[in-house]
Every structure is written in structure tokens, then in C-alpha cells.
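No value in this document is a laboratory result; all are computed from the given coordinates. No experiment lies behind these values; they were computed from the predicted model shown. In this analysis, Cβ positions are derived from the backbone assuming ideal geometry, glycine residues included, and neighbour counts consider all displayed protein chains.
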Amino acid sequence: MSFVALLGWMLEGLGVTLTVALYSAVIAFPFALVFGLLEFRLRGPARWLVALFIDFWRSSSVIILLFFFFYVGPAFEVYLSAYTVGALVIGCNIGAYGSQALRSALESVGAGQVEAAQSLGLSRAKILLLVELPQALRKVIPIAGNEIIEIIKTTANVSLIGLADVTFRAKEAMQVAYQPAAIYSGLLLIYIAVCLPLALAIRHLSRRDAARSR
Amino acid sequence: MGFDTAYFWSLWPAILQGSLMTLLAAALGSVGAVVTGLVLALGRRSGRAGLVVGTVFTEAIRLSPFLVQLYFLYFVLPVYGVVLSALTVGILALSLHFGAFLGEVFGAGIDAVPKGQIEAAKALGLSRFHYNRLVVLPQMLRFVAAPTANYMISLLKTTPYLGVVGVPEMLGVAFDKASDSFRYVEPLTAAGILFLVYSIAIGGVARVVERKIRPL
């Protein structure tokens with residue numbers, strides 16, 4: 001097969017890659033928002049439990065969790081599709097990283113901001129919603145962009161649990177036509193082509209932000 | 001199906017054996033990554049050619065999945081006559097992948113060393129090699145200790161991928177056992193638990209390192 005034909009073959013898996021990435025993002029961002037806020041606001045044992053939950057998702061390996069939920073679930077009558085397992089594991093893993101970014105952004109909002117809001121008579125909930133959160137969210141925009149790239153890269157793992165994404169299609173191509181150099185260079189190029197525009201956009205955004213806040 | 005406790009305990013010797021391979025790969029991969037990172041960081045600061053090559057390499061690594069890079073090395077190197085064992089390919093992949101990330105960290109650390117220090121070293125007549133080794137690197141180490149430790153944890157968490165190309169590390173062993181017995185629950189649970197223990201242990205070590213080595 002020619003290089004172009006190989007690329008075409010592999011690109012047929014792009015839909016699956018992007019679908020898994022989308023599902024994962026739908027889980028990751030709410031996860032990051034909710035657990036970032038909870039760890040920021042809660043105190044005492046509740047906070048400890050939230051931190052433990054976040055650390056579980058952060059400190060285990062995506063590939064092990066994928067296999068674990070995919071193979072262990074059915075033994076306990078929990079039947080999840082490969083899409084669900086993929087999105088769940090990738091979403092929670094990246095979301096856990098994101099929650100830490102959001103928490104540290106929230107913690108870095110100046111104490112003066114909160115004091116000023118209090119002296120204006122805002123309730124604690126309103127301070128969080130109207131003063132702290134907007135500032136923190138602005139800070140985590142570039143990080144959120146990086147998380148999207150991270151999600152797209154991590155979706156390559158779902159090829160191991162049988163979803164026909166681009167990586168899976170590359171392995172198929174290896175069986176049809178044994179041209180490792182062409183196939184795997186093409187595969188690398190596909191991922192770089194998908195992620196590079198995102199990376200450039202993030203760089204542009206954070207440069208603009210740095211220039212504005214100077 | 002459920003959970004067979006006796007089978008679960010019988011797996012531990014093999015899984016622990018496999019975990020030694022995991023630790024070996026992670027240790028050698030870490031050394032390789034630090035070396036790669038240093039070469040990249042210094043190379044990107046030593047002229048235009050180094051900058052271009054270093055940047056292209058770093059971005060290519062950062063924008064593609066580790067799994068794909070591993071496949072690439074595993075299948076493409078033999079085409080050009082470089083036949084390496086699966087373990088060597090795995091360690092090479094870990095070194096290059098994390099080397100690219102560490103290169104960024106080390107670069108930032110080098111840039112954080114005050115310019116006057118280098119100027120003073122040059123004024124004393126130190127050669128490039130000597131002022132890098134005696135002035136820049138020791139100071140940089142203090143800046144980069146914490147982020148480097150974090151990347152080492154990531155590296156440990158990435159070693160199970162080597163099982164995919166047939167390295168008998170923890171996950172690889174777990175899968176061997178699973179395909180012997182057709183029971184996935186117990187081997188994967190054992191591998192998962194041991195992994196979590198290692199990650200937490202390394203996280204603890206990293207925290208100690210962070211506390212001991214601080215920027216001046």
C-alpha cells in the first residue's frame with residue numbers, strides 16, 4: 001500500500017478516537033470543576049475523603065485501570081461497553097489532574113479579593129461564584145487546553161480494549177501490509193496533526209493573557 | 001465468577017517477580033530520561049541547529065501518545081537493522097518520552113540561574129563544560145528537583161505499557177496468568193494494588209526530596 005492509502009486506512013479510525021476523546025472530556029471537565037471546588041471548600045474529614053478519591057484517580061496508571069474495569073466488571077455482572085470504560089477511566093484520570101489545577105488556581109486568588117467581597121456583604125456562595133471562580137477559571141484556560149491534548153493522546157489506550165481507533169487501525173494495517181516504518185510514522189503524524197493546532201492555540205492564548213496582565 | 005481469594009494469594013510470587021522488572025525498567029528509564037533531558041536542555045541553548053532539532057523532537061514527543069512511540073520504536077528500528085530486546089526498546093522509549101518533558105523542566109531551571117553567575121564564571125576563565133558542570137547544573141538541580149520527582153512518578157506509571165510489547169513486567173505477568181486461567185479479576189487486582197503501593201511510596205519519597213532540596 002502507498003503511504004497515502006495507509007494514512008487513509010488509519011484515518012478511518014479518527015472518528016472513534018475523537019468520539020472517545022469527546023466522551024472523556026464530558027466526564028473530565030465536570031469532574032475537575034466539582035472535585036476542585038470540593039477540595040477547595042471542604043474542611044476536615046470530608047476534605048480528606050475527597051482528596052483520597054482524587055488521588056486514587058491521579059496515582060493509578062490509566063492502562064491498568066482500563067484493563068481492570070474492562071475485564072473485572074463482567075465478573076461482578078457489571079457490563080460496560082469499551083466506550084464507557086474508556087471515557088470513564090480517561091475522564092476521571094485527566095479530571096483528577098484538572099481538579100488540582102483548579103484548586104491551586106482558587107487558592108491563589110488574593111485574600112484581598114475575598115475580604116473586599118465580604119465587606120460588600122456578599123454571601124460565601126456568591127463570593128465563590130462571582131469573585132473566586134471567574135478569576136480561577138481564567139487562570140486554568142491554558143491548562144484546560146493541555147488537558148484536551150492529554151485526553152486525545154490517552155485515547156490511544158482504548159485500542160487495547162478493542163475499540164477501532166487510529167492506533168487500532170494501524171495495528172490492522174500492520175497485518176494487512178507489513179510496512180512498519182510507513183505505518184507508524186503515519187500514525188505519529190496523525191496524532192501530531194490533530195494536537196499541534198491545539199498546542200499552537202493554547203500558546204497564543206497564554207501569550208495574549210501574559211501580555212494583558214503585565 | 002466472583003473473587004477467588006486462594007487464587008489471588010497464589011499469584012503474588014509471580015507478580016512480585018514481575019514488579020522487579022517494572023522497577024528495573026523505571027530506574028533505567030529515569031536515568032535515561034535525565035540524560036536525554038540534559039542533552040536536550042543544553043543542546044537547545046547551544047545554537048540554531050540544536051534549537052531547531054531539539055524543538056522538533058520535543059514537540060513531536062509531547063504531541064503524540066507514549067503507546068504509539070513505543071510501537072514506533074519496537075516495529076520500526078528492526079527495519080533499519082537495529083534489533084533490540086523488548087526491555088531495551090521499552091527503556092529507550094521511556095527515556096526519550098520523559099527526556100523530552102524533562103528537557104523543558106531543565107531548560108526552565110537553567111534559565112532561572114542568574115545571568116551574573118555565568119558571566120562571573122566566564123570572567124574567571126572557565127570553559128563552557130566547566131561552568132555548565134560547576135556553576136549552572138548544581139544551582140539548576142535545586143529548581144528542578146520537585147518537578148523531576150513528579151515526572152519520575154509518571155514514568156513509573158507508564159512502565160505497564162511495556163507489557164504490551166511483551167516485557168514480563170507486572171502487567172505483562174498479570175496477563176500471562178490471566179490467559180492461563182481465564183480469570184482476569186485476581187491478576188489485575190493484584191497488579192493494580194501493588195502498583196498503587198509503589199506510586200504512593202514514590203510519592204512519599206518525592207515529597208521528602210522536595211523538602212530537602214529547595215531553591216536557594
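Figures for the structure shown
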quantity: Translational diffusion of region B:12-213, µm² s⁻¹ [Kirkwood Rh, Cα pairs; Stokes-Einstein; 10 °C; 1.306 mPa s]; calculated: 86 µm²/s
quantity: Reciprocal mean inverse distance between Cα atoms of the protein assembly as shown - Kirkwood radius, Å; calculated: 23.6 Å
quantity: Virtual spin-label span in nm between A:Leu137 and B:Phe129, 7 Å along Cα→Cβ; calculated: 5.6 nm
quantity: Nearby aspartates and glutamates by direct alpha-carbon distance to B:Lys177 (threshold 19 angstrom, same-chain neighbours under 8 apart not counted); calculated: B:Asp4, B:Glu169, B:Glu186
quantity: Region A:138-193 and region B:148-177: distance between their alpha carbon centers, rounded to Å; calculated: 19 Å
quantity: Length-normalised contact order for chain B - Cα pairs under 8 Å, 6+ apart - percent; calculated: 31 percent
quantity: Zone residues, region A:130-169, relative to A:Ala116, backbone N less than 13 Å from point 7 Å out along Cα-to-Cβ; calculated: A:131-132, A:135
quantity: Zone of A:Arg124's modelled label, taken as backbone nitrogen in region A:34-69 under 19 Å from a point 7 Å along Cα→Cβ; calculated: A:34-51
quantity: Under 17 Å from the Cα of A:Lys139 - aspartates and glutamates, other chains or at least 8 residues apart; calculated: A:Glu107, A:Glu147, A:Asp209
quantity: Low-density loop cleavage sites - chymotrypsin sites (Phe, Trp or Tyr not before Pro) in region A:139-192, where at most 11 other Cβ are within 10 Å (DSSP); calculated: A:Tyr178
quantity: Residues listed by number, region B:57-76, amide nitrogen under 19 Å from A:Ala177 label point at 7 Å toward C-beta; calculated: B:72, B:75-76
quantity: Förster radius 22 Å - calculated FRET efficiency between A:Leu18 and A:Tyr79, Cβ distance, rounded to 0.05; calculated: 0.35
quantity: Three-way shape label, chain A, alpha-carbon gyration tensor, a/c 1.5; calculated: oblate
quantity: Spin-label model distance (nm) - A:Ala201 vs B:Trp9, 7 Å beyond Cα toward Cβ; calculated: 5.5 nm
